[in-house]
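Contents: one structure, followed by commentary.
The values are calculated or read from the model by the stated rules, or taken from the named source; none is laboratory data. As the structure is a computational prediction, the values presented were derived from the model and not from experiment. Positions of Cβ are backbone-derived with ideal geometry, glycine not excepted, and every protein chain shown enters the neighbour counts. Heavy atoms of the whole protein, side chains included, go into the accessibility calculation; ligands, DNA and RNA do not. Shrake-Rupley method; radii C 1.70, N 1.55, O 1.52, S 1.80 Å.
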Amino acid sequence: MLNKLVFVINCGSSSLKFSVINPLKKEILFFGLAEHFHNKNSYIKWNINNNKQKIKFNSKTNHKIVLNYLVEKILKKNLFLYKNIIAVGHRIVHGGEKFTNSVIINKKVIKAIEEASVFAPLHNPIQLIGIKEIIKILPKLKNKQVAVFDTAFHQTIPETSYLYALPIKFYKKYKIRRYGAHGTSHKYVSTIAAKMLNIPFNIFNCISCHLGNGSSVTVINKGKSFDTSMGLTPLEGLVMGTRCGNIDPAIIFYMNKQLNIKIDEIYKILTEKSGMLGLTNITSDFRYIEDNYLKNVEIKKATKIFVHYLAKYIASYSILIKNKIHAIIFTGGIGENSILIREKTIKKLKILNFFLDKKLNNEIIHGKSGLISTIDSIPILVIPTNEELMIAHDTFKIINNQSNL
Ligand code: AMP
C-alpha cells in the first residue's frame, strides 16, 4: 500500500518546507526545511526514517535550486519514496474569492493564483514558482498537482463578517474584504477536536486559536468558518510576534504626515517591528517571554496586552455561536506550548464557563494533544496543528476523485 504518497510543498517568502506523506496511514516518511534563501546562512535539513541530515547552501539559494536538490539528490536516491509519489500538494496563501476548496492545478487555477498575488505579494508568486518547477522536474506529476489555499476554509464567512465599512465600491470593484488566513490549520484542528469530542463536524461549534509567529482566532459554526481575526492580509487581528494586529488606521496617516515616515517604512514597522517585538523591544520569541515574564516589566506588560486581545476575541466570538459552544482549541507554537498564555487567557473567560485544570495545562505541551479544562468547564483542547497532513489528505482525496471520473 506504499504507492499512495503525497509530496507536500510549502514555499514561504525565503524558505521551503517539504514532506512526503502517506495520507491513508497519516504517516510522515520524509520532512524537512530549507531557509534563509539568498543569504550565505542558507541551509537545508531533513529527516528520513529518523535519520537527520543538514547541508549548508550558499547565497544563491532559491526555491528552484532547493526543489531540484530535493528531487535529484534526495528523492531519487530514496526510490521507495520517489517511485510511490502519486501527487504533489502545494500550500497557497491566497485564493481570493475564487476558491472555497482545494483544487487540481491547471492553467485557469494558475491564472487565478496570479491574480490573487496582489493580496499576498510575498507568497503567491513564490508558490507559483514551486508549481512551475515541479512541472519541469517531475513531469509525470504535471497534472497531479493540487493547490490547498489558506483562505479557502474562510470562504463560508458571511458578508457581516467579511465586509469592511468602506465605500462599497472598494469591495465590489477591488475585492477589498476580509479573507482570513491559517484556514488549513483551523480546519485541521477543528476536525480533530470534533472527533475527540465525538460530535459530527457538521454540527460542531468552536473557537480555534492558532497562536504562532502569526496568530489568528476563528469561530466555527456547524463546521464552517463564521468569522476570523485576520483580514485582507495577515496583519489584522491579534497582537503577533512582530505584527501589530488591530490598530487605528489613522495611525498610518499620522506617521506619514506628522512624522514624515515613508509609506513603505510604515508597512515594515507594522509587519516586522511591532507586536511583541515592538512592545518588549527585546524579542518576539514566546520561549524567552515565558522564561522572563516575572523578571522583566516590559515583557510582563506586553504579555498582558497579548492576552487582553486574545481574550477579547474569544469572548466576542462566543456570542456569534448560535447554539452551544463545544470547545476552545489552542494550536500553533504558542498555543501548543505556552502554559502561561493559556492560563492567563482562560483566567479572563470564567464568566463564559471556561475553567482551566492547571495540572493538565502543565502536562499538555510539546506535541501532546488533550483536554486542559476542568470537568465543569466547556472543553478546552490543545491540538498540535498539522497543515502538511491536511494538505496531503486534501491532495489525495482530490486526485482520487479525479481518477474516478
Ligand atoms: P509557529 O509560528 O507556530 O512555529 O510558532 C512560533 C512561536 O511559538 C514562537 O513565538 C515560539 O517562541 C513559540 N514557541 C515554540 N515553542 C514554545 C515553547 N516551548 N514555549 C513557549 N512558546 C513556544
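In a reduced charge model with +1 at each Lys and Arg Cβ and -1 at each Asp and Glu Cβ, the chain shows a dipole moment near 820 debye about its Cα centre. In the context of the full protein assembly, S102 retains an accessible surface of approximately 20 Å², using a probe radius of 1.4 Å and ignoring ligands and nucleic acids. For the chain, list the DSSP H helices whose alpha carbon atoms reach 24 Å or more along the long axis and whose average Kyte-Doolittle value is 0.5 or above? Counting only whole DSSP H runs, no helix qualifies. Estimated at the nearest 10 Å², the accessible area of H308 is 90 Å² with a 1.4 Å probe. Net length available on complete extension from K195 to E159 is 10.0 nm, with 0.36 nm assigned per residue and the Cα-Cα distance removed. In terms of distances greater than 20 angstrom between alpha carbons, the cross-link table entries K26/K77; K312/K348; K108/K136; K25/K77; K195/K222; K60/K83 yield K26/K77; K25/K77; K60/K83. Pairwise inverse Cα distances across segment 194-241, averaged and inverted, put the Kirkwood hydrodynamic radius at 11.6 Å. Placing pseudo-labels 7 Å out from each Cα toward the beta carbon at L141 and I263 gives an inter-label distance of 4.1 nm.
Solvent-accessible surface of segment 143-267, averaged per residue with a 1.4 angstrom probe and all protein chains in place: 46 square angstrom. Taking the protein heavy atoms of segment 190-311 in the context of the full set of protein chains, the accessible area attributed to carbon and sulfur is 56 percent at 1.4 Å. Placing a label point 7 Å from the Cα of F170 along the Cα-to-Cβ line, the residues of segment 210-238 whose backbone N sits under 12 Å from it are 232.
With protein chains left intact and a 1.4 Å probe, residues in segment 1-122 average 52 Å² of accessible area per residue. Out of every Cα-Cα pair that the chain contains, those further apart than 42 angstrom amount to 12 percent.
Sequence neighbours fewer than 8 away in the same chain don't count; with that in mind, list the lysines whose C-alpha is under 22 Å from K169. Once the sequence-local lysines are set aside, what remains near K169 is K98. The distance separating the Cα centre of segment 254-290 from that of segment 118-168 comes to 27 Å. The sum of -39500 (n - 2.57) across all DSSP H runs of n ≥ 4, divided by the residue count of the chain, sets its helix-only mean residue ellipticity at 222 nm to -10500 deg cm²/dmol.
Accessible surface comparison of I321, I199, probe 1.4 Å, protein chains only, largest first: the order is I199, I321. Ordering G278, I65, I55 by the projection of their Cα atoms onto the charge dipole of the chain, which places +1 on the Cβ of Lys and Arg and -1 on the Cβ of Asp and Glu, puts I65 at the extreme positive end.
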